[in-house]
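All remarks here apply to the structure that follows.
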Amino acid sequence: MSVIELPVQNPRFGETSRKDAWWLSPSIVFIVLSSFLLYATWAAFQGEHYYYGPYISPLYSPELFGDSPHAVFGPKPGFWPTWLPFSPALLILWAPGLFRVTCYYYRGAYYKPFFQSPVNCSVGERKKKYTGERNFPAILQNSHRYFMYIALLFIVILTYDVWKALWFLNPETGHEQFGLGIGTLVLAVNVVLLGGYTLGCHSLRHAVGGIKDLFSGSPTRLTMYKCVSCLNQRHMLFAWMSLFWVAFTDIYVRMCSMGVWTDIRIF
C-alpha cells in the first residue's frame, strides 16, 4: 500500500479555521481579572476604611498589625520600611493571592488571555514547542498544594469574622449585644462562596482521597472525597462568584465606613 506523506505546517499566531467567537471567553476573563487586580491593589494600599464596627474587609483579614480594633498584634510594626506605605492588607494578601494564581482552574483560564499559551483550542500560538509547566517559573505552580493549606486557615479566620460581626456595641450600655446586620450577611455569604471554592480545590480532593487506590476500610475518607468532589464539579462557578463577592464585601465595608452607605440592622 502506498503512503502519501503530507507536510505538517504549524498555523501562524492567531490563525484558525474556527468560525465561532473563540476570542470572546478569553477577552471576558482578561477584563474581569484585570479589573479585580486593579481594584484589589488599589484597596490594599489604601490602609483605611477597611473596617466598620464589627465588620472587617476580607482583603484585610486577618489584620496582624493596624489601627483598628481587629488588629491582633497592635499598631504598625517598627520594622516596616519608612519608604513603603503601610497597609495591613500588604501583610496577608500574598497567601490568598498565590492560592488563586496557582489554582488549576485559574491557570487554564488566565493562560489564554494573558500569555496566549495557548490562545485557545485550535488557534495558532507563538510557541512552536509544548514545554508544559516543567521549566521556571511555571514549575512554581506546583506550590498550589501548599497554599491550599494556608487558604483553609483563612476560611477559619473569615468564619470567625462572621461570628464577631454578630456582636454590636450598644451605645447606651457600652456593652456588646447580639444582633444581625446586612453587613453580617454580606460577610457570611463571602465565607460560603470562598468555602465552596477552597473546599472544592483539586489539591484538597487529592489529599483527602484521590491519593488512595482503594477506599475499602476508609469510609470517612470516602465521604470526604465525595463531598470535595461534589464541590469540585462547580469549581469554576465558585471561583468566579467568590472573586466577585470578595470585592463586593470590601466595597460594602468601605462604603459603610465612609458614610456613603448605611448598614441596616435587622435586629
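How many of the residues making up segment 148-158 are of a type outside the set (Phe, Trp, Tyr) and open to solvent by 80 Å² or more (accessible area, probe 1.4 Å)? So that I can check it myself, show each step before the final result.
Initial filter on segment 148-158 (of a type outside the set (Phe, Trp, Tyr)): 148, 150-153, 155-158.
Retained after the next criterion (residues that are open to solvent by 80 Å² or more (accessible area, probe 1.4 Å)): 153, 156.
Counting residues in segment 148-158 that are of a type outside the set (Phe, Trp, Tyr) and open to solvent by 80 Å² or more (accessible area, probe 1.4 Å) gives 2.
Name the pairs whose Cβ atoms lie under 7 Å apart, with the first residue in segment 170-186 and hydroxyl-bearing (Ser, Thr, Tyr), the second surrounded by 15 or more Cβ atoms within 10 Å (Cβ to Cβ) and at pLDDT 95 or above, and 6 or more positions between them or separate chains?
Sorted first by the residue in segment 170-186, then by its partner, the pairs are 184/162; 184/165; 184/166.
Of all residues in segment 67-120, count the ones that are open to solvent by 20 Å² or more (accessible area, probe 1.4 Å), aromatic (Phe, Trp, Tyr) and part of a helix (DSSP H, G or I).
The qualifying residues number 7.
Could you please let me know if residue 18 is open to solvent by less than 40 Å² (accessible area, probe 1.4 Å), more than 30 Å from residue 185 (Cα to Cα), at pLDDT below 95 and basic (Lys, Arg)? Walk me through it before giving the result.
Working: open to solvent by less than 40 Å² (accessible area, probe 1.4 Å): no; more than 30 Å from residue 185 (Cα to Cα): yes; at pLDDT below 95: yes; basic (Lys, Arg): yes.
No: the conditions fail for residue 18.
When the residues of segment 49-63 are narrowed to those that are open to solvent by 40 Å² or more (accessible area, probe 1.4 Å) and at pLDDT 95 or above, which ends up nearest to residue 167 (Cα to Cα)? Break it down into steps so the answer makes sense when it comes.
Quick first cut of segment 49-63, residues open to solvent by 40 Å² or more (accessible area, probe 1.4 Å) only: 49, 51-53.
Adding the requirement that they be at pLDDT 95 or above leaves 49, 51-52.
Values: 49: 19, 51: 14, 52: 12 Å.
This residue is 52.
Could you grab the pairs with beta carbons closer than 8 Å, sequence gap of 6+ or different chains, first residue in segment 96-120 and without any contact (Cβ under 8 Å) to a residue 12 or more places away in the chain, second one part of a loop (DSSP other than H, G, I, E, B) and not aromatic (Phe, Trp, Tyr)?
Pairs found: 111/117; 111/118; 117/125; 117/126; 117/127; 118/125.
The values are calculated or read from the model by the stated rules, or taken from the named source; none is laboratory data. From a predicted model like this one, the values you see are computed outputs, not experimental measurements. Neighbour counts are summed over all protein chains in view; Cβ atoms, including those assigned to glycine, are modelled from backbone coordinates with ideal geometry. Accessible surface is based on the protein model in full, side chains and every heavy atom, while ligands, DNA and RNA are left aside. Shrake-Rupley method; radii C 1.70, N 1.55, O 1.52, S 1.80 Å.
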